[in-house]
Amino acid sequence: MAGQAQYEELTRQLSALGAVKREIGRVLPTNCPGGSAAVLTLLDRHGDMRIGQLAELLAVDMSVTSRHVAHVAGRGWIVRSPDPADKRSRILRLTPAGHAVLDELSRRSSALLADRLSDWTDDEVGQLVRLMTRLRESFDDCRATPHGAPPPRPLPAAQAAPTTRTPEDAE
């Protein structure tokens, strides 16, 4: 089992991934901010769904989800159809235009990663993918508390805010 120092360094490295996410966000089309891209990606990955399920997958408030849905629906990237099981609800579904946007997002993100990781071997990229997949699976997409883990407790006031911040901490 890894030691405390390794887990502390892992925490720092995960925090610094915010810079990577921000740079990927900068290559997205201006009419498709990160929240919209997440909506499209989740609908592609999980299929048609209600807005409540989408909010849960996004791990954001329903009002935030509604704004993202309105944005992508307004551009014709998704449609909102009546739910046959509950006429008060709507089912969200990707349109062909939404699939085209996803293809463009994938192309841009892949090009950026290919450029930044050009000095990595295929094996190194494969190892990173495998390890990140395993890490994500260990957290069950961050929606469940690990078995036997106590609920998070607030830090004492003296430890609550770091005294120095790096740009990576801003994420």
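The values are calculated or read from the model by the stated rules, or taken from the named source; none is laboratory data. Being a predicted model, the structure only gives us computed values, none of them experimental. Glycine also receives a Cβ, built like all others from the backbone with ideal geometry; neighbour counts cover every protein chain displayed. Each accessible area value is taken on the protein alone, full model and side chains, heavy atoms only, with ligands, DNA and RNA left out. Shrake-Rupley method; radii C 1.70, N 1.55, O 1.52, S 1.80 Å.
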- [ ] Compute the convex hull volume of the Cα atoms of the stretch 1-142, divide it by the residue count, and report the result per residue in Å³ as a whole number.
- [x] 143
- [ ] Could you work out, for the stretch 1-75, what percent of all Cα-Cα pairs fall into each 5 Å distance bin, beginning at 0 Å and stopping at the bin that holds the largest distance?
- [x] 3, 14, 19, 17, 15, 12, 9, 7, 3, 1, 0
Open item on the list: Out of the total accessible area of the stretch 1-155 (probe 1.4 Å, heavy atoms of protein only), what percent is carbon and sulfur?
Closed with: 56
Task: Potential extension, GLN6-LEU135 segment - 0.36 nm per residue separation minus Cα distance - done: 45.0 nm
Open item on the list: Could you tell me how far the Cα centroid of the stretch 21-80 sits from the Cα centroid of the stretch 91-143, in Å?
Closed with: 16
TODO: For VAL101, VAL129, VAL79, write out the residues from largest to smallest accessible area, computed with a 1.4 angstrom probe and no ligands counted.
DONE: VAL129, VAL79, VAL101
Task: Computed E for ALA85/ASP119 - FRET, C-beta separation, R0 45 angstrom, nearest 0.05 - done: 0.30
